[in-house]
Amino acid sequence: MRKKIVAGNWKMNLTLAQGEQLVNDIVAAGIQLSAEQEVVIAPPFPYLTKVKQLTKHYPGILVAAQNCASEKSGAYTGEVSADMLQSIGVDYVILGHSERREYFAESNAQLAKKIDLALAAGIKPIFCCGEPLEIRKAETQNAFVAQQLQESLFHLDAESLKNIVIAYEPIWAIGTGLTASAQQAQDMHAFIRSQIAEKYGQEAALGIAILYGGSAKPSNAPELFACPDVDGGLIGGASLVAADFTAIVKSF
């Protein structure tokens, strides 16, 4: 059975003290997880070791970095390598988030390099894909997402793919006032799974977790997570409020 994952992406928010309080509140909520469920917390780089320390006695709660460099090492001031993340025990790394693509012009080819470096370091990538509003309006979202998958993931062999988590971000429904329905989420998740099946076979497709990254909150999480191809969520704003995040976790 594939993993069910709820990941909280703090982005560039919270002081260390605020982050520590948030994690303490989350673990104090007494979330009960089954063997196939995981909660992943993705704080900013400076807080990774602290969050690892705070969650070390909770085996179902893992830690992710929000990004890593596209080079293994060298004169890249300000960058953080996959090997550095591995050295502090990071479990996951978020790659290809829509904000990284938009604000830092990350390309599919660059993300393929990051995927390879993360896997080589023993870190599982959470690979983000998804379409902006103009693509959705043109009804070419399937081709757009298929190209992201092909250019960043589909160079991997089947064994490596087992360590990938995919997060679908309907960029047009994030902070725009528009809302993606549960059916729209399910349709894209099913399409992504069909692309994996076409490339790697049905067994591989059924084994990969696909998360929804489109402004999930306690009110819509149960409907989203009830979709057969939605295996959890990549949560933004709601992950900064312990009550909201734990409510989302409890609904999957």
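The values are calculated or read from the model by the stated rules, or taken from the named source; none is laboratory data. Computed from a prediction, not measured in an experiment: that's the story for all the values here. Note: ideal-geometry Cβ built from the backbone for every residue, glycine included; neighbour counts use all protein chains shown. Heads up: the accessible areas ignore ligands, DNA and RNA and are worked out on the full protein's heavy atoms, side chains in. Shrake-Rupley method; radii C 1.70, N 1.55, O 1.52, S 1.80 Å.
See the values below:
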| read-out | value |
| --- | --- |
| Residue ID - farthest from PHE154 (Cα to Cα), chosen from residues in region 210-237 that are surrounded by fewer than 19 Cβ atoms within 10 Å (Cβ to Cβ) and not hydroxyl-bearing (Ser, Thr, Tyr) | PRO218 |
| Selection within region 217-231 - in contact with a helix residue (DSSP H, G or I) (Cβ under 7 Å, 6 or more places away or on another chain) and under 10 Å from PHE252 (Cβ atoms) | ALA221, LEU224, VAL230 |
| The listed residue being in contact (Cβ under 8 Å) with a residue 12 or more places away in the chain and touching a Lys or Arg at 6+ places or on another chain (Cβ under 9 Å), out of LEU117, LEU133, LEU85 | LEU117 |
| Residue match in region 95-105 (condition: loosely packed, with under 13 Cβ neighbours inside 10 Å and either of a type in the set (Ser, Thr, Tyr) or touching an Asp or Glu at 6+ places or on another chain (Cβ under 7 Å) (or both)) | yes |
| Qualifying position, being under 21 Å from GLU36 (Cα atoms) and either part of a helix (DSSP H, G or I) or under 13 Å from the mean Cα position of the chain (by Cα) (or both), among LEU85, LEU62 | LEU62 |
| Only one of LEU48, LEU14, LEU22 that is farther than 21 Å from ARG101 by Cα, part of a loop (DSSP other than H, G, I, E, B) and modelled with pLDDT of 95 or more | LEU14 |
| Residues located in region 144-183, provided they are more than 15 Å from LEU111 (Cα to Cα), at pLDDT 95 or above and open to solvent by 70 Å² or more (accessible area, probe 1.4 Å) | ASP157, GLU159, LYS162, GLN183 |
| Inter-residue pairs, beta-carbon under 9 Å, first assigned to a helix (DSSP H, G or I) and in region 96-109, second hydroxyl-bearing (Ser, Thr, Tyr) and surrounded by 13 or more Cβ atoms within 10 Å (Cβ to Cβ), 6+ apart | ARG101/SER107; ASN108/SER152; ALA109/SER152 |
